[in-house]
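S.K.: Mind having a look at this structure? Questions to follow.
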Amino acid sequence: MKRQIVHIDEELCNGCGACVTPCAEGAIQLVNGKAKVVSDSLCDGAGFCLAVCPTGALTIETREAAAFDEHAAEQLQQQRGTTYIAQHCHVCGAGEDKRVLLPCRTEGRSLWVCTRCLPALIHG
Ligand code: SF4
Ligand SMILES: [Zn+2]
């Protein structure tokens, strides 16, 4: 089937790993220092990883790919439960266990902001 899926430009990827955690489905892993979609069926094409990439290596493309396998993604999430790395709001420092975090970009950096701190960023 043709569908939307994440594309990683290897030339642009610097292997920072910032995109691994935002991918709740576990579709992205670092392999030999480069981000890779380890299985098409784990990528739902939602693109949460795009906002955190500091180099613009991630885009969404439309191509032939296996259907998204929600069941396999859920199983992987459960397995990864113990290795999950919590992210923090760059303004107040609250972790994602306390607040909902959103990715944002500023001055070339990719950062997380919690929903309580977001209004101040919007309204200045
Ligand atoms: S966030 Fe971008 S530069 Fe960093 S590992 Fe992922 S694709 Fe590569
Ligand atoms: Zn905050």
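The values are calculated or read from the model by the stated rules, or taken from the named source; none is laboratory data. This structure is a prediction, so every number in the text was calculated from the model and none was measured. Heads up, the Cβs are rebuilt from the backbone with ideal geometry, glycines too, and the neighbour counts pull from every protein chain shown.
S.K.: Out of the residues in region 86-96 that are within 17 Å of the chain's Cα centre (by Cα) and either within 11 Å of ligand 2 (Cβ to nearest atom) or of a type outside the set (A, V, I, L, M, F, W, C) (or both), state the one that is modelled with the lowest pLDDT. Talk me through it step by step, then tell me what you get.
M.R.: Residues of region 86-96 within 17 Å of the chain's Cα centre (by Cα): 86-90, 95-96.
Narrowing the set further to residues that are either within 11 Å of ligand 2 (Cβ to nearest atom) or of a type outside the set (A, V, I, L, M, F, W, C) (or both) leaves 87-90, 95-96.
On the way: GLN87: 79, HIS88: 87, CYS89: 94, HIS90: 91, GLY95: 92, GLU96: 88.
Checking each candidate, the answer is GLN87.
Table: residues versus (1) over 23 Å from VAL113 (Cβ atoms); (2) more than 10 Å from ligand 1 (Cβ to nearest atom).
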{"residue": "LYS2", "(1), (2)": "yes, yes"}
{"residue": "GLU10", "(1), (2)": "yes, no"}
{"residue": "GLY15", "(1), (2)": "yes, no"}
{"residue": "ALA24", "(1), (2)": "no, yes"}
{"residue": "VAL31", "(1), (2)": "yes, yes"}
{"residue": "CYS43", "(1), (2)": "yes, yes"}
{"residue": "LEU58", "(1), (2)": "no, no"}
{"residue": "ALA72", "(1), (2)": "yes, yes"}
{"residue": "GLN75", "(1), (2)": "yes, yes"}
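S.K.: Looking only at region 104-113, decide whether some residue is in the same structural domain as ILE5 (by TED's automatic domain parsing), assigned to a strand (DSSP E or B) and away from ligand 1 (no atom under 16 Å from the Cβ). Outline the logic, then answer.
M.R.: Filtering region 104-113 for residues in the same structural domain as ILE5 (by TED's automatic domain parsing) gives none.
No: region 104-113 contains no residue that is in the same structural domain as ILE5 (by TED's automatic domain parsing), assigned to a strand (DSSP E or B) and away from ligand 1 (no atom under 16 Å from the Cβ).
S.K.: Still on this structure: Kindly evaluate ALA35 against the criterion of being under 23 Å from LEU102 (Cβ atoms), within 12 Å of ligand 1 (Cβ to nearest atom) and at pLDDT 85 or above. Steps first, answer last, please.
M.R.: Working: under 23 Å from LEU102 (Cβ atoms): yes; within 12 Å of ligand 1 (Cβ to nearest atom): yes; at pLDDT 85 or above: yes.
Taking the combined requirement at face value, the residue satisfies it.
S.K.: Which residue pairs have Cβ atoms closer than 8 Å, lie 6 or more positions apart in sequence or on different chains, and pair a first residue in region 14-41 that is more than 17 Å from ALA65 (Cβ to Cβ) with a second residue that is among the hydroxyl-bearing types (Ser, Thr, Tyr) and not in a loop (DSSP other than H, G, I, E, B)?
M.R.: What qualifies is ALA18/SER110.
S.K.: Over 14 Å from the mean Cα position of the chain (by Cα), away from ligand 1 (no atom under 13 Å from the Cβ) and at pLDDT below 80: is that true of THR83 in this structure? Before you say what the answer is, go through the steps one by one.
M.R.: Values: over 14 Å from the mean Cα position of the chain (by Cα): yes; away from ligand 1 (no atom under 13 Å from the Cβ): yes; at pLDDT below 80: yes.
Yes.
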